[in-house]
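Read-outs: derived from the displayed coordinates by stated rules, not from any lab. Keep in mind it's a predicted model, so treat the numbers as computed, not measured. FYI the Cβ positions are ideal-geometry reconstructions off the backbone, even for glycines, and counts take in every protein chain you see.
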Amino acid sequence: MFASFMVNAWLIATIVAVVAGVVGFFVVLRGSAFPAHAIPNGAFAGAAGANLIGVNPLIGLGVFSLGAALGIARLSRRGRADAVTALALVMMLALGAAFLSQSTEYEPAIFSLLFGEILGVSSGQILPVVILGVVCVLAVALLYRRLLLTSVVPEIAAARGLRPERVEVAFLVVLACATTMTVPVVGALLIFTLMIGPPAAARCFVDRPGPALVLSVVLALVTVWAAIACSYRTNWPVGFYVSAFSALVYGVGRAFAARRLRRPVPVA
Amino acid sequence: MHLVIEPGFFSSGPVGTALVIGAVTAVVSAVVGVFTVVRGQSFAGHALTDVATTGGSGAFYFGVSPLLGFLGAGVVGAGAMDLIGVQRMRGRDLATGIVLGLATGLAALFLFLDTTSRATTGATQQILFGSIFTLDPSTIPLVVVMSLATLVVIAVIRRPLLLSSFSSELAAAKGIGLRRVGLLFMLALAVAVGLSSIAIGSVLSTALLIGPAATAIRFSTSLRSAVIVAGVIGVLSTWLGVLLAYDSFYWFPSSQGLPVSFFIVALVFLAYLVSGPLSARSARRGALRAPRPSRVEAGT
């Protein structure tokens, strides 16, 4: 399980989990679950397109996830945010399907882009992931107070002169950045579960934002490590385990919160 | 004529089936979609498509009809989301997301098993992105019956549904069982998604659900006109998409056509984009229109 070809997988999964835990904490806090689901799908189209014209998939991923983030932010200004997000999402997916229909490699390419291929990570993929991961965490650290204020007490944020739209756009860009680095590893459909399950569970256990953020990262790490171990043992796709363990962690969190003082579950 | 419609379009059997099933599912999706958009449940609608993916891939694995898989999983998913609280506004997205995530994971597993153990090719492609040209004509009666049933349910609950979407307090005061109406609607949503999944694929069926409805609502002043406009946009996009996909086999030297679902989604998306400036113009000319959601609502 810790053979030389697995070292890369463990390393990259750890970075992905840290970033997902940090960014996901704010996804849950801000109720941005739908954009967090939509942007990775845009990234899927980008990777498929890059595949087709033969450039580095990371460029396609970056361009498309950034485009999806900015497009959603732009179109949401006039129109219903959730309908716009849904439409942008399917448009991106359809583009991805069109690109794939024109390319020669078919089934495995779709599968690994959508559901990830963590066990096939090469050494060359590590450096860009590390750089993007550091950028994401730094960006969240810089935006920390603003994100927290606009998410939890929008009135106070407005009184202090913060522009919620700007913070939202900045956050969507961070989300796009996190997506770009994680899609090749865990897949477009499953980075989402990692950004939702562990952070939502963390909020069930702890109330204060700082400790909750740390716990969110820890739970994401546990989820990913356990998923890799099980995937290695059973040969089933790692994405399945990531989503199953994420849901499990969330279920335990809900049960804990329900027992603790028997008060409403802290959601959203 | 041949410039627009390549030879053999109308005499082809698969095209006929595609046009019929496409139109029926587009209408059901559009009607259910209007309520989905008004209730702000686009994410739930989309999540059900991912749940349908799980059902479709599971059905593929166990050798059952994909339609049954789409429908069955959709109904189970709708129940699960209702159970963990999609009815409450707060945390609704989170409950949706958790169900969605778990469903996707299961879909990954089923598709993996499909492609490895059964030596079938094309399962991922077919389930996710649809293949309307390969539909069996014998599924038409089932699709039509399910569609009619869904439309009847929506017609019966349309008033309480609309009232509870705008003001849950008022609806409760009138003695409407919010929970029951919500659950019935989620079930209708699941069936609509399942039906359009066989047409344009489970991941893309969100397009037929949300696109025509969101476009129609921008123009319409009443529920009836919104439903009619949405239905028309849905059917036209589907038919035009089928036509373009059929033609696209002749566009590239490789004679590798583009998928039908790509064209349908692109047309639906285009209609939504164009409708923005158009509805703004008609508003300036003094036409009545539904109030745009306020900034606060759009931002949350």
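Quick notes
- Relative contact order %, the range A:146-233, counting alpha carbon pairs below 8 Å whose residues are six or more apart: 16
- Were the residues from residue B:270 through residue B:232 laid out at 0.36 nm apart, the gain over their Cα-Cα distance would be 12.2 nm.
- The mean count of C-beta atoms from other chains within 10 Å of the C-beta of residues in A:196-206, rounded to a whole number, is 2.
- Of B:19, A:219, the sequence from fewest to most neighbouring Cβ atoms within 10 angstrom is B:19, A:219.
- Taking every residue in A:234-243 and counting other chain Cβ atoms within 10 Å of its Cβ, the average works out to 5.
- Peptide A:95-103 - average C-beta neighbours from other chains (10 Å radius): 6
- Fewest-first sequence of B:238, B:139, B:150, A:180 by Cβ atoms within 10 Å of each Cβ: B:139, B:150, A:180, B:238
- Contact order, relative form, for chain A: 30 percent (alpha carbon pairs under 8 Å, 6 or more residues apart, mean separation divided by residue count).
- Ranked list, fewest to most other Cβ atoms within 10 Å of each Cβ, for B:50, B:82: B:82, B:50
- Check: the range A:4-188 dipole with +1 on Lys, Arg Cβ and -1 on Asp, Glu Cβ, in debye: 800
- Over the range A:4-188, volume per residue of the alpha carbon convex hull, in Å³: 104
- Sites residue B:162 and residue A:160, calculated FRET efficiency, Cβ-Cβ separation with R0 45 Å, nearest 0.05: 0.70
- Residue B:178-residue B:155 FRET efficiency (beta carbon distance; Förster radius 25 Å; 0.05 resolution): 0.85
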